[in-house]
Amino acid sequence: MHAHAILKPRPLEHLFAFLRANHQWNSDFQQRELARHLTHCTSPNQRLQTLLHVAVTTQTKPRIGKLSRFWRALAQFSPSDEHTQEEFVAFLEREGGTMRPDAGHWHRLYCALLSQPGWGRKTAALFVRTVVQLHRGRSTHHFWPDGAVATIADPDCIYLPVDKVIINIFAATGVVSRPDFDSVNKLLLASYDPEEMLVWDDLWFWGYFTQNAQGDTRTFGWNSDKFWCEPSAPKESEPQLKVLGEQFLSLIQASKHGGQPAARELPTPTEK
């Protein structure tokens with residue numbers, strides 16, 4: 001564990017403990033999402049390119065003109081039979097003119113993607129996070145077979161893919177005065193190591209199902225309609241997740257005041 005992980009922002013400790021205790025819910029959800037997108041793929045390169053598409057299509061306003069330049073360049077990428085992360089990152093670095101030989105291999109991938117036309121910080125961070133998750137899951141979905149892919153070694157860096165859902169959470173806690181990608185990651189990276197940053201990524205799961213958007217206004221509360229519209233949501237477990245979602249929201253409120261809510265008995269994830 002990194003030396004800087006000793007001190008954590010006290011108002012967030014209980015929220016992080018909740019995420020860690022209930023990590024399996026989002027882990028299972030993400031693996032089902034990966035299977036849904038990748039089952040049709042017949043080669044490692046096809047799985048890689050599909051995952052790149054999945055990441056950039058999360059943008060609210062994708063810059064089609066710039067992204068088309070990226071896809072045209074990527075069409076020239078011809079991986080070897082080994083199909084390693086190193087050769088893909090090297091390709092991106094040549095295209096983007098950005099070299100980070102001193103960085104860990106995940107931070108290097110993030111920087112290489114960030115240098116590509118049409119890519120932003122959130123989507124680059126999202127792709128990195130998803131690749132780690134994928135290579136820790138079902139082997140038939142892997143596209144980089146080298147053993148180091150699923151590991152995160154010191155002093156590597158994993159960024160939280162901060163979107164509107166996560167910004168709204170941090171705005172509600174009051175821990176960050178003006179939450180955005182930079183301020184949220186600066187706060188968390190000062191106290192949490194890369195493995196813990198992957199746990200913080202669960203904020204999206206709990207925030208997504210406990211927020212209701214009306215135009216530019218977002219309110220908190222279990223969103224059953226959104227839950228039932230997600231194909232990978234575990235519908236049979238909605239009662240359990242609703243209770244956990246309510247605890248999640250109570251922790252956000254408690255964080256705003258620097259405290260913690262009263263303890264209560266809660267359901268745990270069932271075997272999947």
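Nothing in this text is a laboratory measurement; each read-out follows from the coordinates by a stated rule. Nothing here was measured: the structure is a model prediction, and the numbers come from that model. Ideal geometry is used to build each Cβ from the backbone, glycine not excepted, and the neighbour counts take in all protein chains shown.
Please check the chain for the longest run free of GluC sites (Glu not before Pro) that are loop-located per DSSP (anything but H, G, I, E, B) and have at most 16 other Cβ atoms within 10 Å.
Between exposed loop sites, the widest span is 83-264.
Could you list, in their original order, any pairs among LYS122/LYS226; LYS66/LYS186; LYS164/LYS242; LYS186/LYS242; LYS164/LYS186; LYS61/LYS242 whose Cα atoms are separated by more than 25 Å?
Checking Cα-Cα distances, LYS66/LYS186; LYS186/LYS242; LYS61/LYS242 exceed 25 Å.
For mean projected area of the Cα convex hull in nm², the choices are (1) 15.8; (2) 41.9; (3) 15.1; which was calculated from the structure?
This structure yields the entry labelled (3).
Would you mind working out the magnitude of the charge dipole of the stretch 3-256 relative to its Cα centre, with +1 at each Lys and Arg C-beta and -1 at each Asp and Glu C-beta, to the nearest 20 Debye?
So the dipole magnitude of the stretch 3-256 works out to roughly 780 debye.
So for the chain, taking the charge dipole from beta-carbon charges (+1 Lys/Arg, -1 Asp/Glu), which of VAL243, ILE169, ALA125 sits furthest toward the positive end?
Ranked along the dipole, the leading option is ILE169.
Would you kindly derive the ³J(HN,Hα) couplings of the stretch 230-246 from the backbone phi angles with the Karplus curve 6.51 cos²θ - 1.76 cosθ + 1.60 (θ = phi - 60°), listing them in order in whole Hz, with x for Gly and Pro?
Running phi through 6.51 cos²θ - 1.76 cosθ + 1.60 with θ = phi - 60° gives 8, x, 9, 6, x, 4, 5, 9, 4, x, 5, 5, 5, 5, 5, x, 5 Hz.
Who wins for biggest fluctuation among ALA124, ALA75, ALA233 in a Gaussian network model of the chain, springs between alpha carbons below 10 Å?
Of ALA124, ALA75, ALA233, the Gaussian network model singles out ALA75 as fluctuating most.
Search the structure for amide H atoms under 5 Å from the amide H of CYS157, placed 1.01 Å from N in the peptide plane, and list their residues when 5 or more places away or on another chain.
It is GLY104, TRP106, HIS107, by chain and number.
Residue separation times 0.36 nm, minus the C-alpha to C-alpha distance between ASP81 and SER224: what's the value?
So the extension gain works out to 46.9 nm.
Would you look at the GNM of the chain, springs on alpha carbons closer than 10 Å, and say which of GLY215, GLY207, GLY137 moves the most?
The residue with the greatest mean-square fluctuation here is GLY215.
Can you run phi through the Karplus equation (6.51, -1.76, 1.60; θ = phi - 60°) for the stretch 175-184 and list ³J(HN,Hα) in whole Hz, with x for Gly and Pro?
3J(HN,Hα) across the stretch 175-184, in whole Hz: 6, 10, 5, 10, x, 8, 3, 5, 5, 5.
In whole Hz, what ³J(HN,Hα) sequence does the stretch 76-84 give by Karplus (6.51, -1.76, 1.60; θ = phi - 60°), x for Gly and Pro?
8, 6, 10, x, 6, 4, 6, 6, 9
Grab the DSSP H runs of the chain that are 4 residues or longer, score each as -39,500 (n - 2.57), total them, divide by all residues and round the 222 nm result to the nearest 500 deg cm²/dmol.
The per-residue figure over the chain is -16000 deg cm²/dmol.
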